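Asker: The structure is given below, and queries will be raised subsequently.
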Amino acid sequence: MHFHGTEVRQRALTLLRGGAKNADVARKLNVPLGTIGYWKHEDRAKRGECPGRPDPKCPRCDGRKLDTAAYAHLLGLYLGDGHISHYSAHRAPSLMITLDDAWPGVQGEAETAMRRVFPDNATCRVRRKGCHNVKVYSLHLTCLFPQHGPGKKHERRIALEAWQQKIVDAHPWEFVRGLIQSDGCRITNWTTRLVGGERKRYEYPRYFFTNKSDDIRKLCGDALTRVGVEWTTTARGTDPYNISVARKASVALMDAHVGPKY
């Protein structure tokens, strides 16, 4: 690999600042065209001359207006099936919500929520086997999702900050909707009863929210209680992984405000 010294780089920048084309500078100095382009970009960035819009404003850092209903929904999705990562090759970290391809409508709602929370940032969907990662890049992700940290969510404490709790209190159904769409489901259970000496089968709908994190399940339970939904905790083996909503009136409330995945 050939390394170009500071003197060669400075000669290139002098020519570029004088208006010379990248290709002409590359030929003149016998430097790869990609290297010339990289030097030019870095030089312009340092001088604040890069084209394009400035960095989008942040509701926490800059006081930009936040769509709080969409944020409550996105927060629920993030706590369920989302994570933030930052690859060294990328300028900004990404928020990624992993959602099953069986529910394209949920993927669409997640992307809509992202766009409303980050109106100046592009969103995308990355195909994976059986699912899509719905993504948005922003330098301010950890401002809006301070729950981000090293390790799995169920292995560390998850608590809402006061400003987040205020939003969830104002939009509890949106928050519950995000949680159910990510880590929940609506199923049909059945049982049998003896009626007049004859055993009959009865079916009834039920909602589940399944998450290993005690803290996240508590956030879900608190929000359900706030909107008048009765719920219980059920175990998977000896671990209380599930929140269950089975009472008829509570299921009807969930159907009106959340509904099955689609």
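The values are calculated or read from the model by the stated rules, or taken from the named source; none is laboratory data. Keep in mind it's a predicted model, so treat the numbers as computed, not measured. Every residue, glycine among them, receives a Cβ derived from its backbone with ideal geometry; neighbour counts consider all protein chains shown. Accessible surface areas use protein heavy atoms only, side chains included; no ligands, DNA or RNA. Shrake-Rupley method; radii C 1.70, N 1.55, O 1.52, S 1.80 Å.
Asker: For helix 6-17, what angle does its Cα long axis make with the longest principal axis of the chain, in degrees from 0 to 90 and rounded to 10?
Answerer: It is inclined by approximately 90 degrees.
Asker: Considering only protein heavy atoms and a 1.4 Å probe, what is the carbon-and-sulfur percentage of the accessible area of the chain?
Answerer: About 51 percent, which is the carbon plus sulfur part of the accessible surface.
Asker: For the range 148-227, state which GluC sites (Glu not before Pro) are in a DSSP loop and have at most 13 other beta carbons lying within 10 Å of their beta carbon.
Answerer: Sparse-neighbourhood loop GluC sites (Glu not before Pro): Glu161.
Asker: With every protein chain left in place, what is the accessible area per residue of the chain in square angstrom, probe 1.4 Å?
Answerer: Accessible area per residue: 58 Å².
Asker: Another question, then. If the label point is 7 Å along Cα→Cβ of His154, which residues in the range 162-188 have backbone nitrogen under 14 Å from it?
Answerer: 183-184
Asker: Can you give me the orientation-averaged projected area of the convex hull built on the Cα atoms of the chain, in nm²?
Answerer: Mean projected area for the chain: 20.1 nm², to one decimal.
Asker: Given bins 10 angstrom wide, list per bin the percent of all Cα-Cα distances in the range 23-138, short to long.
Answerer: 12, 33, 25, 18, 10, 2
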